[in-house]
Amino acid sequence: MQDGDFTKAWGGIAGLQYRLQGTWTASQPFAVDFMRLSELLSGKVADIFGLSASKGRIVKGLDADLVIWDPEEEQVIQESECLHRHKASAYTGQKLMGRVKKTIVHGEVVYEDGRGILGASPGKLLLRSAGTRDGHPQEVVRDQVCT
């Protein structure tokens, strides 16, 4: 990578699109409820990356980043439905619980089941300054969706 821009790297995180369904499916034997799942996939992640001042919880004043999903619907993951740049995924062919119906970033619908990605996202790449966890990330605006 000559220019040092990690967003142009080949690999990315193939399968991140299915993190919610994969985690929900794997948690079924452990009787994890929706509140705990939300905390694990949103709240704790925001805390770890120092983003809790703007992300991770449904609270007035935080970014309106939400997902609407059907936790009961089963989905067999197919390469043709992968929205990430590289279609190879460890989830391809697996049956997962749950299906995302809508994704909302900063209050705007950016994905809708059956319609796909709906134009450019208002999301920004957020970088945490090295060694900080104060909830105040350094913002770097990019053309890609990263939040």
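The values are calculated or read from the model by the stated rules, or taken from the named source; none is laboratory data. Just so you know, these numbers come straight off a predicted model, no measurement behind them. Cβ atoms come from the backbone with ideal geometry, glycine included; neighbour counts cover every protein chain shown. The accessibility values were calculated without ligands, DNA or RNA, using every heavy atom of the protein model including side chains. Shrake-Rupley method; radii C 1.70, N 1.55, O 1.52, S 1.80 Å.
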Residue within the range 111-118 that is closer than 21 Å to Ala26 by Cβ and modelled with pLDDT of 80 or more present: no
Strands (runs of 3 or more DSSP E) wholly inside the range 82-127 that include at least 1 residues being farther than 25 Å from Leu51 by Cα: 95-105, 108-112
Hits in the range 5-54 - residues which are modelled with pLDDT of 85 or more and among the hydroxyl-bearing types (Ser, Thr, Tyr): Tyr18, Thr23, Thr25, Ser27, Ser38, Ser42, Ser52, Ser54
Residue match in the range 36-45 (condition: among the polar types (S, T, N, Q), without any contact (Cβ under 8 Å) to a residue 60 or more places away in the chain and within 13 Å of Met97 (Cβ to Cβ)): no
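Any idea which residue in the range 87-106 is nearest to Ile58 (Cα to Cα), counting only those that are open to solvent by 30 Å² or more (accessible area, probe 1.4 Å) and small (Gly, Ala, Ser)?
The residue in question is Ala90.
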Residues located in the range 24-56, provided they are surrounded by 15 or more Cβ atoms within 10 Å (Cβ to Cβ) and basic (Lys, Arg): Lys55
Residues located in the range 69-93, provided they are polar (S, T, N, Q) and in contact (Cβ under 8 Å) with a residue 60 or more places away in the chain: Ser89
One residue from Gly116, Gly123 being touching a Cys at 6+ places or on another chain (Cβ under 7 Å) and without any contact (Cβ under 8 Å) to a residue 60 or more places away in the chain: Gly123
Residue, least open to solvent (accessible area, probe 1.4 Å), within the range 71-86, restricted to residues that are closer than 15 Å to Ile117 by Cβ and not aliphatic (A, V, I, L, M): Cys82
Lone unmet requirement of (1) of a type in the set (A, V, I, L, M); (2) modelled with pLDDT under 90; (3) open to solvent by 40 Å² or more (accessible area, probe 1.4 Å) for Ile68: (2)
